[in-house]
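These notes concern the structure reproduced below.
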Amino acid sequence: MTDFLLELRCEEIPARMQLKASEDLARLFTEELARAGLKPAAIDSFVTPRRLALVARGLPLETAAVSEEHKGPRTSAPPQALEGFLRKTGLTQDQLEDRDGVWFAVVNKPGRATMDVLAQTVPAVIRAFPWPKAMRWGVASQTTESLRWVRPLQGIVAILGEQLVDIVVEDVRSGYATLGHRFHHPGAITIGGADDYVEKLRACHVIVSHQERQAIIAAKAAQAAAAHGYTVIEDKGLVAENAGLTEWPVPLLGDFDPAFLEVPPEVIQLTLRINQKYFVLRDAAGKLAPAFICTANIEAKDGGAAIVAGNRKVLAARLSDARFFWEQDRKTALADHAQKLARITFHEKLGTVADKVERVAKLARWLVEEGIVKGADADLAEQAARLAKADLVTEMVGEFPELQGVMGGYYARAEGLPDAVADAIRDHYKPVGQGDDVPTAPVTVAVSLADKLDTLVGFFSWGLLPTGSKDPFALRRAALGVIQLILENRVRTSLNGVSYGHAMTVMRQLTSESLTHWQGVLLNYDELPIEKKIQLNEKLSGENPETWAGFEIPPNIAHAMVTFFADRLKVQQREAGVRHDLIDAVFALGGEDDLVRLLARVHALQSFVATDDGANLLAGYKRAANILKKEAVDPAIVPAAPSEPAEAALLAALDAAEPLAARAVTDERFADAMAALATLRAPIDAFFESVTVNDADPAKRAARLALLDRVRAAVHGVADFSKITG
């Protein structure tokens, strides 16, 4: 057994591609070896800005002989099929085996030298490498058959044990030599094999392990910060990015003018992180410190003083720009900024951002006035909604789109607007994903709900729905945000009422009668000439979906929205440990679109079916339901009075349990409703043990079927047990 070293050296690989490229190299190499019957004991992967490398450990010097069996066409197949099979296997017909009318080929492959296998494997891996972006270069780039690589490939090291594997890819030939650090050791290094690769490069100021470079950056950055009484704001992504930019990382601490701290801290953090790749620091009080840590790729003779000075100068220019944007934006009131939103298209079919703001403002007010969002001031909710998107046209958000909403909150506060308005502007995009904070301030909840509902209704009305993994308008995220807002704040209302009725009313000001039948029309009705309004109303009076003036009128928007919310709810609750079939069981009742009540019912149901009473009641229900599928009660037959004790006992139990369960459901005491149903367990068991449902007497059979129908109806008052798979 021996080890194999492969290094592919090129010009700088983008930091964001490095870790995935390292994984791809190991995967492709392993797959190619497996096709030849080789399996390394382990693979160690390495990546730096200038090289991809791996060490395959425990390779045999030769592959084992293998026997491969291939199934071919039937013996009665046309000659062309047989000829193709023979070409594929390289055999003649007399070497095939006839097994029950089907040709089989057994191909015996002798063992091969691992050196020969590697000489074929490495070029195949290089040519098949899945770079997200790649390039061709030099004279060879004139043909599309030439090699594509992320940056021009400059060198290949391929050593099995101590022997060089001779490989040529384009005009690059393998050898024992590689290069060290670009500045500390620019000359060639001779590699003896896999065993000395890591340490020999380390001696030449190259740390080939990405993970080790990350650990060095995190540790030394923390040390440098601590020496000045600061702490580093944790940022694992930035640590990985800096590790991808350096082969010999040296964290250095610098500072900037504290006067820049008058700019909102989020702006400074983004300037440092996004523009400069610097780490952000906090002081002992937990506030943003006027300092940063940059990561050099060299051990400077002056200890990094010149590097820090250069970075400080660049950062000062960046922060000066940020301060200028901050000062300029505040010279204009948010309401005046909002006037410019009419110039920004929200979507070609949904109008401008100003149109959206108008809809959201009216819907936010409606949510408060109807008491759906409690504790909010309707005027403040509408004011916040009208200003929520105003920062989209500011200089600061133009520079840092990530700060939309955040900057609006700062500008509102600086303008002296109420805190509730400023907070709502800042947080109305939340929650933007799992784990994000869910707003609870009433005004913010109203604006956030209105914004997300407006987006969902608009895109659904045009049929612009998510498909598979594609969700270009982030509608799944918006729906999940609505669900989280409703559950966190216990917003008690029907989704159908909010998003399909009133939301659509304020969206396009169509007549309520038209909206009842045509939820999907999205037209600026007020701006239409009178003759077009007449034509539109005539179109809307029909029963079938139609297309008018290029505007599609899709059917069943409400149904599609409810289904979409149900799917998102199942995903969210499944991640929280709730069974999706129990959600189906409650949804199947129909009319249950109050999410707070729905989930309370689901949680009670999940607890109930986990008990013995619940499991046995479910079994009894399914037995009754199966009988009712096969046997229908004839209404012409007068049911007989109970003739068996178990029959009478079940009837009495139903008489007692049904009203108790119904009252508990009405009062939203779902655990009590389940407890009432649990009293049916023993009578149902006794009924099936001692009573023959399909009695020869039609009157007795009708009575017993009617009794089972009451059992099913009583259970359905809580949930549709037929949807429960357990």
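The values are calculated or read from the model by the stated rules, or taken from the named source; none is laboratory data. Computed from a predicted structure; not experimentally measured. Here Cβ is always computed from backbone atoms with ideal geometry, including for glycine, and neighbour counts include all displayed protein chains.
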- Yes or no: Lys313 charged (D, E, K, R), modelled with pLDDT of 95 or more and surrounded by fewer than 13 Cβ atoms within 10 Å (Cβ to Cβ)? yes
- Task: Collect the residues in the range 272-309 that are polar (S, T, N, Q) and modelled with pLDDT of 95 or more, keeping them in residue-number order.
- Result: Thr295, Asn297
- Elements of type strands (runs of 3 or more DSSP E) contained in the range 38-129, each with 1 or more residues being of a type in the set (S, T, N, Q): 42-48, 66-74, 102-109
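Among the residues of the range 195-210, write down those that are of a type in the set (D, E, K, R) and either buried (at least 18 other Cβ atoms within 10 Å of the Cβ) or modelled with pLDDT of 95 or more (or both).
To start, the set of residues in the range 195-210 that are of a type in the set (D, E, K, R) comprises 195-196, 199-200, 202.
Of everything in the range 195-210, those that are of a type in the set (D, E, K, R) and either buried (at least 18 other Cβ atoms within 10 Å of the Cβ) or modelled with pLDDT of 95 or more (or both) turn out to be Glu199, Lys200, Arg202.
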- Message: Which residue is surrounded by the fewest Cβ atoms within 10 Å (Cβ to Cβ), if the candidates are limited to the range 273-293 and must be within 31 Å of the chain's Cα centre (by Cα) and more than 30 Å from Cys204 (Cα to Cα)?
- Response: Ile274
- Query: Of all residues in the range 216-236, how many are surrounded by 15 or more Cβ atoms within 10 Å (Cβ to Cβ) and free of Cβ contacts under 8 Å to residues at least 12 places away in the same chain?
  - Reply: 1
- Message: Anything in the range 273-308 that is part of a helix (DSSP H, G or I) and either touching a residue at least 12 places away in the same chain (Cβ under 8 Å) or within 20 Å of Ala218 (Cβ to Cβ) (or both)? List them, or say none.
- Response: Arg273, Ile274, Asn275, Ile307, Val308
- Here is a list of conditions, (1) surrounded by fewer than 20 Cβ atoms within 10 Å (Cβ to Cβ); (2) in a helix (DSSP H, G or I), and Arg213 meets all of them except one; can you say which number that is? (1)
- Note on the structure: In the range 194-203, anything free of Cβ contacts under 8 Å to residues at least 60 places away in the same chain and out of contact with any Gly (no Cβ under 9 Å at 6 or more places or on another chain) is listed as Asp196, Glu199, Arg202
- Within the range 344-364, track down each residue that is more than 19 Å from Leu456 (Cβ to Cβ) and touching a residue at least 40 places away in the same chain (Cβ under 8 Å). Ile344
- Search the range 243-272 for residues being among the small types (Gly, Ala, Ser) and over 15 Å from Ala218 (Cα atoms), and hand back the single one that is surrounded by the most Cβ atoms within 10 Å (Cβ to Cβ). Gly254
- Got a number for residues in the range 124-147 being surrounded by fewer than 17 Cβ atoms within 10 Å (Cβ to Cβ) and in contact (Cβ under 8 Å) with a residue 12 or more places away in the chain? 14
- Item | Residue under evaluation Arg99, criteria (1) surrounded by 14 or more Cβ atoms within 10 Å (Cβ to Cβ); (2) more than 30 Å from Gly161 (Cα to Cα); (3) more than 44 Å from the chain's Cα centre (by Cα), criterion not met | (1)
- Query: Which of the residues that make up the range 170-188 are β-branched (Val, Ile, Thr) and out of contact with any Phe, Trp or Tyr (no Cβ under 9 Å at 6 or more places or on another chain)?
  - Reply: Val172
- Hey, Leu8 crowded, with 16+ Cβ neighbours inside 10 Å, within 30 Å of Glu162 (Cα to Cα), of a type outside the set (Lys, Arg) and touching a Lys or Arg at 6+ places or on another chain (Cβ under 8 Å) or not: yes
- Item | Matching residues in the range 334-357 - criterion: being among the charged types (D, E, K, R), out of contact with any Asp or Glu (no Cβ under 9 Å at 6 or more places or on another chain) and within 20 Å of Lys430 (Cα to Cα) | none
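Conditions tested, residue by residue: (1) aromatic (Phe, Trp, Tyr); (2) surrounded by fewer than 16 Cβ atoms within 10 Å (Cβ to Cβ); (3) modelled with pLDDT under 80; (4) in a helix (DSSP H, G or I).
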site: Val562; (1), (2), (3), (4): no, no, yes, yes
site: Lys570; (1), (2), (3), (4): no, no, yes, yes
site: Leu582; (1), (2), (3), (4): no, no, no, yes
site: Ala585; (1), (2), (3), (4): no, no, no, yes
site: Ser607; (1), (2), (3), (4): no, yes, no, yes
site: Asn616; (1), (2), (3), (4): no, no, no, yes
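Right, Leu28: surrounded by 13 or more Cβ atoms within 10 Å (Cβ to Cβ) and not assigned by TED's automatic domain parsing to the domain that holds Glu162 or not?
Numbers: surrounded by 13 or more Cβ atoms within 10 Å (Cβ to Cβ): yes; not assigned by TED's automatic domain parsing to the domain that holds Glu162: no.
No, not satisfied.
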- Number of positions in the range 177-194 that are exposed (fewer than 14 other Cβ atoms within 10 Å of the Cβ) and within 15 Å of Ile298 (Cβ to Cβ): 2
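On the basis of being of a type in the set (Gly, Ala, Ser), at pLDDT 85 or above and crowded, with 16+ Cβ neighbours inside 10 Å, does Ala719 make the cut? Lay out the reasoning, then the answer.
Details: of a type in the set (Gly, Ala, Ser): yes; at pLDDT 85 or above: no; crowded, with 16+ Cβ neighbours inside 10 Å: yes.
The answer is no for Ala719.
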- Item | Selection within the range 45-93 - surrounded by 14 or more Cβ atoms within 10 Å (Cβ to Cβ), without any contact (Cβ under 8 Å) to a residue 40 or more places away in the chain and among the polar types (S, T, N, Q) | Ser45, Thr89
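Can Arg35 be described as basic (Lys, Arg), assigned by TED's automatic domain parsing to the domain that holds Val198 and at pLDDT 95 or above?
On the way: basic (Lys, Arg): yes; assigned by TED's automatic domain parsing to the domain that holds Val198: yes; at pLDDT 95 or above: no.
Against the criterion (basic (Lys, Arg), assigned by TED's automatic domain parsing to the domain that holds Val198 and at pLDDT 95 or above), Arg35 does not qualify.
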- Note on the structure: Only one of (1) among the small types (Gly, Ala, Ser); (2) closer than 30 Å to Gly58 by Cβ; (3) touching an Asp or Glu at 6+ places or on another chain (Cβ under 9 Å) does not apply to Ala215, and that is (3)
- Output for the range 94-103, where each listed residue is touching a residue at least 24 places away in the same chain (Cβ under 8 Å) and not small (Gly, Ala, Ser): Leu96, Val102, Trp103
